[in-house]
Amino acid sequence: MNLEKVEKLYSENLRKFGIDPRSVGWTREGSQQLRFHKLLQIVQNKSEPFTLNEVGCGYGELYKYCKETGYNIQKYYGYDISTDMLEAARKYIGGPEVVLYHKSRLESQADYAVASGIFNVKFDEDDQKWEAYVRDMIVNMSQFSVKGFAFNALTTYVDYKAPGLYYADPFYYFDFCKKNISRYVTLLHDYDLYEWTMLVTKPA
């Protein structure tokens, strides 16, 4: 999948807005933190030490949220396709626990993996090709997660669809994860945003 347009969008957003939710496509901090809260429900016990992969880490706000809300994160692996975002992350959250990769796919094993918003912007890409990309990324997250992973997407349950965005059928991806990844799949579609979150727990 060619993600050049996506990389350009977020790099330009960062130059325009700086360290700000708008740089990663969110309108306000409150909604960004609500997404983090939902995604991090995949972590079985926040007080126990764990390692975390994040696909599309941006400038590292999720890692900061983890540290500020009591998650005992021991190692954080952040992946992003934007070198500008990664440079901002190094300055914003850099430290011995943080490892950053200029890659679009996971290559490091961790207890959990999360992805927030990476499937939303498809520009003019064909829907079937984009769905194949989403499925491939779900499999990639599964391969490099020991205990489980979580991701979100815009929902098809809307009365308006903006051009260039991908609205994902939650039942299609629930079915895909249930049949191909794990018996233990949770769909969260009960919060005040036009999206859903999927939690996939790996069997012990």
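Readers should treat all values here as calculations from the given coordinates under stated rules, not as data from a laboratory. If you're wondering where the values come from, they're calculated on a predicted model, not measured in any experiment. Cβ coordinates were reconstructed from backbone atoms using ideal geometry, including for glycine residues, and neighbour counts include every protein chain displayed.
With a ≥ b ≥ c the root eigenvalues of the C-alpha gyration tensor of segment 97-139, is it rounded (a/c under 1.5), prolate (a/b larger than b/c) or oblate?
prolate
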- Query: Counting other Cβ atoms within 10 Å, which trypsin sites (Lys or Arg not before Pro) in segment 106-192 have at most 14 and lie in a DSSP loop?
  - Reply: LYS161, ARG183
- Computed, not fitted: 222 nm per-residue ellipticity of the chain from DSSP H runs ≥ 4 (each -39500 (n - 2.57)), nearest 500, equal to -11000 deg cm²/dmol
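Would segment 129-204 count as rounded, prolate or oblate if I go by the C-alpha gyration tensor, calling it rounded below 1.5 in a/c and otherwise prolate when a/b exceeds b/c, oblate otherwise?
Judged from the Cα gyration tensor, segment 129-204 comes out prolate (a/c at least 1.5, a/b above b/c).
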- Under a cut-off of 22 Å between alpha-carbon atoms, report the lysines in cross-link reach of LYS202, not counting same-chain residues fewer than 8 places apart. LYS38, LYS46, LYS75, LYS147, LYS178, LYS179
- Restricting to Cα pairs under 8 Å and 6 or more apart, the percent relative contact order of segment 132-204 works out to 36 percent
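Would you work out if segment 46-164 is rounded, prolate or oblate? Take a ≥ b ≥ c from the square roots of the eigenvalues of the alpha-carbon gyration tensor; rounded if a/c is under 1.5, else prolate when a/b is larger than b/c, oblate otherwise.
Since a/c reaches 1.5 and a/b is larger than b/c, the shape of segment 46-164 is classed as prolate.
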- List the relative contact order of the chain as a percent without decimals, with contacts defined as Cα pairs under 8 Å and 6+ residues apart. 19 percent
